[in-house]
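Notes to accompany the following structure.
What follows draws every value from the coordinates through simple rules; no lab data is involved. What you see is a predicted model, and the numbers here were worked out from it, not measured in a lab. Virtual Cβ from ideal backbone geometry, glycine too; neighbours counted across all protein chains shown.
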Amino acid sequence: IEILNNDGTPDLAFISEVQLGDYPQAVQLRILGEEFRTRLVSHQTLIEEWSLDIVWLWFHCQPVDNRGRIEEWNDLVTEVQNNIPQELPPSTAAEQDVEAVDDDLEEAIVDVNNNDGEDAADGWITDDEDYNNNDN
């Protein structure tokens, strides 16, 4: 995210093993950034939802000598609350071109030779509810 915000040139060697298609590097970085951001938000939500339960359990279930270690949990909660994931910067013109797929064209291409039942003749389809509910 920071690389994109600062218009830097990303070193994508660390994602060479991730299969992201033939997208340009900036688009691949955006895909990964959005995935990381989504996972971080999920983790943040989980930490916040568990926080009161963890504190209650800690003071009711931990040995007395271990109770001071709750500060580690409190530090994690504080860090999560202070590090709200950044929004990704707006897409560049090149990325918008990649994202601007003509939906009608896509639907036409995807639907070619697709046997999804939409083209089935009315005589092939039965309205008989018992057809699938035969007593075997």
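Couple of notes before you dig in:
- With each label modelled as a point 7 angstrom along the Cα→C-beta vector, the residue 65-residue 20 pair spans 4.9 nm.
- Neighbour net charge for residue 82 - beta-carbon separation under 15 angstrom, K R +1, D E -1: -3
- Take the Cα of residue 83, step 7 Å toward its Cβ, do the same at residue 47, and the gap between the two points is 0.7 nm.
- Label-to-label distance for residue 34 and residue 73 is 3.6 nm, based on points extended 7 Å past Cα in the beta-carbon direction.
- Backbone phi angles across region 41-56, fed through the Karplus curve with coefficients 6.51, -1.76 and 1.60 (θ = phi - 60°), yield HN-Hα couplings of 5, 4, 5, 4, 4, 4, 4, 5, 5, 7, 3, 5, 5, 4, 4, 4 Hz in residue order; Gly and Pro are listed as x.
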